[in-house]
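Readers should treat all values here as calculations from the given coordinates under stated rules, not as data from a laboratory. Since this is a predicted model, take the numbers as computed values, not measurements. Cβ sites come from the backbone with ideal geometry, for glycine too, and all protein chains shown count toward neighbours.
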Amino acid sequence: MFALAVLACCVVVGLLAALAALDVLQPPTAIRSTYALAGAVIALVAYAATGGERERRAFLPASVASKLVVVGGAGSIIATVELGSRLLPVVAFLLVAYVLVADQLAADDPDPGPTLLALTTTFAVPVIAKYLTTGFYFGGTDVFAHVAALDRLLSTGRSALLPYGYDLFPVFHLFTGTVTFVTGFVPYDAIVLTGVLTYAALVPVTYLVGVRLLGDRRIALCCAAAFTILDLPAYDALYFFPQSFALALLAVGFYAVLARRAVGHTARRREHAAYALALVPTLVLAHHLTYVLLVGLIVAVAGVSVLRGVLAGRLGWDALATRPWEWARLRWTFPIVLGLLCVFAYLVYSPSLMLYAIVAIAAQVLGDAVSAASSVVFSYGATLPSDSVGRALAWLATPVGVYASLTTAVLLLGGYEFLERTETYARGASVVATAFVLATVLLPLPVALPQGERIQFVVVLLAVFPIGLGLARLLRARPRYRVVLVAAVVLVAAFGSAGAFTRSSADDLDGPPVYVEQRGAQVAMSDAEYAAVGDVAAYLADTNGTAAADVVMRRALASVQGPPDARPRVGALNATARGLTAPAPTDRVIVRDAWTRHFVPTAESDVAVSAQLQWYTVSEERYRHALATRDVVFSSDGVHVVETREGDALFGNGTAPTAGRPD
């Protein structure tokens, strides 16, 4: 295996050098891609320095360590509230918490109960701190739509009246609507808190799945630790929407299917089977695309299972040899088969255009015509930093770069551990091998993937297993080398802390000390700005006027309470090289102070097919000049309604459009 680890480093070096020499990758991109080399080198050193059997006890009892983590988490939340910023309190907490957790995971037989409590706390604290410091966090703007849907559901009591097509897939809104009704929380708070609690509960669920799949409690705890470290679960918890809810249900469903195979009593086996079958219609009505993407995972695992049965014996891997089609026994796959048939039937017989979109994108993929959504960025007076070698080097030292390097390292280490001890992990070999390959989509790739974010959401359910194996190997230091264990614990602490401040888990933060200097897309509104949205909606309704606005404002206006007939008619702004223009006959434009700090989208991407997005940003000087030279008919906490003349373009001539999404 050591030779394989050396070969992996050589392959990464050769690949990056070849891509740079052929000008496939520009120098800054090539430098950022060296995170893969850093990860391969760390994995090589870690593999050489760890392994072997040893007996070790944790420095602190598990009950004491978990209590310290819980107390530290509470202190971190209090400090976040007092300071109004989560950066220092959360970083300090995570560093200490993951040191304590890593000490437990490095023991021979860690106590699952207290360790899971500590892991759940380390997951929940950064998410809660982000909730407390972001005002109204809307992420990709779907939260506005969900708030509007819950308002409609609670006011009418009928899921058939849900807007945006959610009436066809109402489970998410029925669930969060029930929480809203029972607790009395406003819809936004109910959605977020439901997401945090749901994903915090997935930490012990991941452990249970790991026990059933890999047969080892310590490794299962490491898989649960991997779930808390990866950035996408934290993103899903706060940006809670139907797909993230469906993924949580899938995780519980995986456990039900695995537990059914392990249960010895017929009655308990039937209980698990009944639960899995009841979960099928729930998932079908929760989110359509999740099931479609899940098909890819199922096909991949099935393909690996077939290859395992055919090739393992021939290659001398007797521990992995199985009957080629043993995995396909209907008694084990029936819930999956039934689910796929149900979702297909529902898409066919429901008045939904989703099936058409699925067929369209499948045709594009088969015809090699699909691509990731492209973007055009307009800058009105703002000087955007150009990509450079210096910025690329600085990126490697940011939490995003550190997280990418350590994810690569732990993933490779998990692969080496799996290949070295195939007999130990034979039970879940097909899933682990598939997950190892698919987990690469979680890394920063130099190319954009079509529907990449949605694919990552599904892959993360399996990625915890090879990464968990890597964490387990990293913390299995040889008894003679105490310094190796210390270094491993430091790496785990750095990994966990960096995972809480990536572009997914901390997308509301821009610039140093977390990122290199740059503007980012707006993903949150302050409470005052969101209240101003309601004021603008009331003003437009009272004046019976139309207006034009960006995507964020249009969706925010749709989420404020009020009679549907009285809601303002707001069109889309158009960004051009000569400035922002409103569609005729609109003579009002809603502008926001946030435009001077963020990139702003003017159009929404198609959920299924390729699209071109327009983004813009404006300098403070041009923004203030535009307000000073035009009639501002309404203002409220950074949101203004401006009257424009026919043919008017706000903010003057912009720079030539730049390709690429603002990151």
Can you run phi through the Karplus equation (6.51, -1.76, 1.60; θ = phi - 60°) for the stretch 156-172 and list ³J(HN,Hα) in whole Hz, with x for Gly and Pro? 9, x, 10, 5, 5, 9, 5, x, 6, x, 5, 5, 7, 9, x, 4, 4
Given bins 10 angstrom wide, list per bin the percent of all Cα-Cα distances in the stretch 493-556, short to long. 17, 35, 25, 16, 6, 1
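Rounding to the nearest 20 debye, state how big the charge dipole of the stretch 19-149 is about its Cα centre with +1 on each Lys and Arg Cβ and -1 on each Asp and Glu Cβ.
Magnitude of the dipole: close to 260 debye.
Starting from 0.36 nm per residue, how many nanometres of slack lie between residue 197 and residue 49 once their C-alpha separation is accounted for?
Numbers: separation 148, 0.36 × 148 = 53.28 nm, distance 3.83 nm.
Residue separation times 0.36 nm, minus the Cα-Cα distance, leaves 49.4 nm.
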Suppose R0 equals 30 Å; then what is the FRET efficiency for residue 619 and residue 78 from their Cβ-Cβ distance, rounded to the nearest 0.05? 0.20
Here the alpha-carbon Rg of the stretch 149-235 over 2.2 N^0.38 Å rounds to 1.42
Could you work out how much longer the chain between residue 161 and residue 527 gets when fully extended? Use 0.36 nm per residue separation minus the Cα distance between them, nm to one decimal. 128.9 nm
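Please list, by residue number, every one of the chymotrypsin sites (Phe, Trp or Tyr not before Pro) in the stretch 379-482 that is coil in DSSP and has at most 14 other beta-carbon atoms within 10 Å.
Sites meeting the loop and neighbour criteria: 481.
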What is the calculated FRET efficiency for residue 22 to residue 389, with r their C-beta to C-beta distance and R₀ = 25 Å, to the nearest 0.05? 0.85
